[in-house]
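Below is one structure, written out as structure tokens; comments come after it.
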Amino acid sequence: PKVATGVVVEYEGKVLLVRRNHEPAYGRWSFPSGFVDAGEIVEEAAAREVLEETQVDVRIDRLLGIYSTAGEPTIFVAFAGTATGGDPGPGDEEVMEIGLYPPDELPELAFPHDPAILTAWHEWREIR
């Protein structure tokens, strides 16, 4: 199995998304995400991926969930995060565009688990 991580980042009241510049889901919107390196702490990998892809520093606030699909090798660990600095912009070749969207006006997202991740994020925002 491979472990990937992603973050629903709140930036000035909006959700920070990236338009993917690679497969799978080329050209689709997603949360900043990527694979965890061997020996890396998952939360640190999540913050690193956000910075690499968006040029935004993030504080990891809460685990939203762990998602997997039968027959698929990737385990996805989703977090909620808050931007703490930086100016959003494509940070590496994996991202073609950055988007900032009101939480209730997000574009269609790339992956099957994304609706469940957003539900967990909205529930967390209501209780914090």
Are any residues in segment 40-54 open to solvent by 80 Å² or more (accessible area, probe 1.4 Å) and without any contact (Cβ under 8 Å) to a residue 24 or more places away in the chain, and if so, which ones? I41, E44
How many of the residues in segment 69-85 are open to solvent by less than 50 Å² (accessible area, probe 1.4 Å) and touching a Pro at 6+ places or on another chain (Cβ under 8 Å)? 1
Have a look at D57, D61, D37 and point out the one that is of a type in the set (D, E), under 22 Å from P1 (Cβ atoms) and either open to solvent by less than 50 Å² (accessible area, probe 1.4 Å) or not in a helix (DSSP H, G or I) (or both). D37
Among the residues of segment 2-41, write down those that are out of contact with any helix residue (DSSP H, G or I) (no Cβ under 8 Å at 6 or more places or on another chain) and among the hydroxyl-bearing types (S, T, Y). Y11, Y26
Out of (1) outside any strand (DSSP E or B); (2) open to solvent by less than 80 Å² (accessible area, probe 1.4 Å), the one E23 does not meet is (2)
Inspect all residues belonging to segment 14-30 and state whether any of them is within 17 Å of T84 (Cβ to Cβ) and in contact with a Phe, Trp or Tyr (Cβ under 7 Å, 6 or more places away or on another chain). yes
Which of the following residues is open to solvent by 40 Å² or more (accessible area, probe 1.4 Å) and either among the basic types (K, R) or in contact with a Leu (Cβ under 9 Å, 6 or more places away or on another chain) (or both): P88, P112? P88
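The values are calculated or read from the model by the stated rules, or taken from the named source; none is laboratory data. Note that this is a predicted model, so its numbers are computed, not measured. We place every Cβ from the backbone using ideal geometry, glycine too, and count neighbours over all the protein chains shown. Heavy atoms of the whole protein, side chains included, go into the accessibility calculation; ligands, DNA and RNA do not. Shrake-Rupley method; radii C 1.70, N 1.55, O 1.52, S 1.80 Å.
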